[in-house]
Amino acid sequence: MRKIIASIDIGSNFIKLVVGEIYKNRINILAASQTPSLGVENGFVVDPQALISRLEESFQKCENILGIKISKVILSIPSENSEFFLSEGSTTINNEDHNIRNIDIIRAMQACTYNKIENDREIISVKPTSYYIDDGENIKNPIGVEAKKLTVKCLVTTVPRKNAYTLAKCLEQIGVQVIDFTLGIIGDYFEFQKEMMKDNVGIFVNIGYSKTEISVFNKGLLTNCTTVELGSKNIEQDLAYIFKIPLKEAKEIKEQLCSAHTRGTSASVKKDFTNKSGENISVSEYEATEIASSRLEEILKIIKKQINLLTKKEIHYIMITGGVSEMANFSLLLEEVFGRSAKVGVVSEIGVRSNLYSTSVGLIKYYEDKLRSRNQEYSIFNEDEIKELCTINKKINFGENSILGKLFGYFFDN
């Protein structure tokens with residue numbers, strides 16, 4: 001069975017949709033789209049109709065590449081007002097040989113949440129931390145072990161239902177079913193996880209457009225998180241205010257002139273604009289970078305303070321991601337604020353080599369890990385759809401102006 005999974009990260013600046021196939025524990029990107037977002041602020045829907053139109057555009061882009069409709073996705077949801085608690089649940093082993101199976105673990109995990117979740121909250125994850133059999137013997141892997149009773153201790157994560165359901169309803173409006181959802185920062189963890197992270201405490205930070213999410217992971221488990229209402233949007237607002245220009249032009253300056261650190265920037269590289277008073281002004285690379293760097297330094301220092309508030313445990317790693325981490329010289333500024341304890345994540349999958357996609361790609365890896373732990377397989381496409389996807393004479397859409405597009409157009413059209 002081909003394991004093809006789609007995930008979507010609906011941000012305030014961009015909607016990122018990724019379709020990937022898991023093969024030999026690696027992800028191959030089949031399609032990806034990045035569409036300007038509308039109707040979303042800080043990850044929450046404020047204008048459903050505006051968002052729906054952009055969702056349709058986002059899916060259309062990927063469907064044009066694949067040649068087939070995408071009707072199922074994993075959804076990234078905001079982490080605001082997340083709650084974490086430890087819980088314990090048990091189940092009796094009723095099969096004939098009394099050997100513990102996957103279904104027994106799932107039943108015990110369900111018991112961890114029974115009558116413990118308020119009606120206005122939704123379960124995001126139930127992660128086992130330890131297993132006990134019969135008389136309380138602690139066991140690492142209970143599968144296949146003979147026992148009469150299994151007890152599981154779990155870390156349960158919940159969020160307000162509105163965090164997930166308003167986004168899911170918008171997707172339903174365009175005929176897309178949400179098969180699972182979780183916090184975006186969990187996707188970031190799965191995208192950048194390394195073996196040493198499974199035994200240590202560390203921090204993941206996603207600096208987004210309008211907010212920054214900071215999370216604590218202990219031995220691979222998300223144990224705490226917080227959100228700071230600052231992001232790359234604040235750089236645009238600073239540029240707009242100082243140069244007295246519209247936000248649209250401030251965004252152009254950020255994208256074309258700004259670095260995260262002034263090292264190597266030039267006062268002679270300039271771009272001309274007309275300010276709100278109708279005056280012509282020139283903005284240099286150095287001037288724009290000074291403003292951007294100042295704001296980014298403030299954000300990084302606030303992140304540092306929040307980390308100290310989130311955990312008192314020894315921190316073994318700090319991983320930074322998000323679109324702003326792609327800015328030139330970001331690592332220089334990061335080292336000035338954090339020293340060498342913090343690193344910038346690097347999305348390495350071909351087709352999505354930008355940290356804008358870290359959440360979306362990581363969510364696919366998260367879902368595959370979830371399926372593997374339950375000895376299950378899944379694909380968003382059925383067998384007939386996969387046959388259609390694999391049809392050899394299907395046009396491959398790389399874009400008519402790309403080199404690959406011209407090459408494939410030559411071979412497939414002649």
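The values are calculated or read from the model by the stated rules, or taken from the named source; none is laboratory data. Note that the structure is a prediction, hence the values are computed from the model and not measured. Here the Cβ positions follow ideal geometry from the backbone for every residue, glycine too, while neighbour counts run over all protein chains shown.
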Fill in the blank from the handout: Of (1) under 25 Å from residue 121 (Cα atoms); (2) surrounded by fewer than 21 Cβ atoms within 10 Å (Cβ to Cβ), residue 21 fails just (1)
Practice task
For region 19-33, indicate whether the set of residues that are within 25 Å of residue 228 (Cα to Cα) and in the same structural domain as residue 380 (by TED's automatic domain parsing) is non-empty.
Solution key: no
Handout entry: Boolean, residue 82 is closer than 19 Å to residue 360 by Cα and either in the same structural domain as residue 225 (by TED's automatic domain parsing) or small (Gly, Ala, Ser) (or both)
Key = no
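Considering only region 33-70, state which residues are part of a loop (DSSP other than H, G, I, E, B), small (Gly, Ala, Ser) and under 18 Å from residue 9 (Cβ atoms).
First, the residues of region 33-70 that are part of a loop (DSSP other than H, G, I, E, B): 37-39, 42-43, 46-47, 67-70.
When the remaining residues are screened for being small (Gly, Ala, Ser), the result is 37, 39, 43, 67.
Once the filter is applied, which keeps residues that are part of a loop (DSSP other than H, G, I, E, B), small (Gly, Ala, Ser) and under 18 Å from residue 9 (Cβ atoms), region 33-70 yields 37, 39, 43.
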Exercise for the section: Kindly indicate which of 231, 202, 208 is under 19 Å from residue 303 (Cβ atoms), buried (at least 19 other Cβ atoms within 10 Å of the Cβ) and out of contact with any strand residue (DSSP E or B) (no Cβ under 7 Å at 6 or more places or on another chain). Expected result: 208
Practice task
Go through the residues of region 106-114 one by one and say whether even a single one is without any contact (Cβ under 8 Å) to a residue 12 or more places away in the chain, surrounded by fewer than 18 Cβ atoms within 10 Å (Cβ to Cβ) and of a type outside the set (Val, Ile, Thr).
Solution key: no
Problem - Pairs, first in the same structural domain as residue 326 (by TED's automatic domain parsing) and over 15 Å from residue 338 (Cβ atoms) in region 284-306, second hydroxyl-bearing (Ser, Thr, Tyr) and in a helix (DSSP H, G or I), C-beta under 9 Å, six or more apart - result: 292/232; 295/232
Practice task
Return yes when residue 109 is aliphatic (A, V, I, L, M), outside the structural domain of residue 228 (by TED's automatic domain parsing), outside any helix (DSSP H, G or I) and over 17 Å from the mean Cα position of the chain (by Cα) and no when it is not.
Solution key: no
